[in-house]
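Remarks on the structure that follows.
The values are calculated or read from the model by the stated rules, or taken from the named source; none is laboratory data. These numbers come from a predicted model, not from an experiment. Note that we place each Cβ from the backbone using ideal geometry, even for glycine, and neighbour counts take in every protein chain shown. These accessible areas exclude ligands, DNA and RNA; they are computed on the full protein's heavy atoms, side chains included. Shrake-Rupley method; radii C 1.70, N 1.55, O 1.52, S 1.80 Å.
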Amino acid sequence: TNPTPEETPQAKVRHFGSVVELRGEKEQYYRKLHSDVWPEVRAAIKKANIRNYNIYVATIDGKRYLFSSFDYIGTDPKHDFAGIAKDPTTKNLWWPKTDPCQKRLPGTPEGEQWLPMEMVMHID
């Protein structure tokens, strides 16, 4: 890992990336949802100390994948990310619309939708 696990918690900004498969038949619906992310969902993300949040799509071997990346500016990502899961709009309205568009990948941790990626390099 680069940076090392010891260096990562001391960073002022931590960078996260993850991946999930996009169900082809749901792609246009997923794109439509994300063309105008609800204010409550945006607020929950911001409250969780997440900034510069991006989602990309790519085709690999005929399958579509979503790749997310974001900057984290807080000090307790587990706590802050759990706060998003407690947000009623995100939990009860947004995720029930977005999750069926996605297919969890092998190795995705229990209770998570997206497979975390290991950072190999970052340049400011």
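What the table shows:
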quantity	calculated
Any hit, region 63-73, residues being polar (S, T, N, Q) and over 13 Å from the mean Cα position of the chain (by Cα)	no
Candidates 90, 98 - the one that is closer than 28 Å to residue 12 by Cα, surrounded by 15 or more Cβ atoms within 10 Å (Cβ to Cβ) and among the β-branched types (Val, Ile, Thr)	90
Among (1) within 16 Å of residue 15 (Cβ to Cβ); (2) touching a residue at least 24 places away in the same chain (Cβ under 8 Å) - the single one residue 84 does not satisfy	(1)
All positions within region 101-113 that are closer than 27 Å to residue 40 by Cβ and either open to solvent by 50 Å² or more (accessible area, probe 1.4 Å) or of a type in the set (Gly, Ala, Ser) (or both)	103, 104, 110, 111, 112
Residue match in region 54-61 (condition: open to solvent by less than 60 Å² (accessible area, probe 1.4 Å) and touching a helix residue (DSSP H, G or I) at 6+ places or on another chain (Cβ under 8 Å))	yes
Number of the condition not met by residue 116 [criteria: (1) touching a residue at least 24 places away in the same chain (Cβ under 8 Å); (2) loosely packed, with under 15 Cβ neighbours inside 10 Å; (3) more than 25 Å from residue 4 (Cβ to Cβ); (4) not β-branched (Val, Ile, Thr)]	(3)
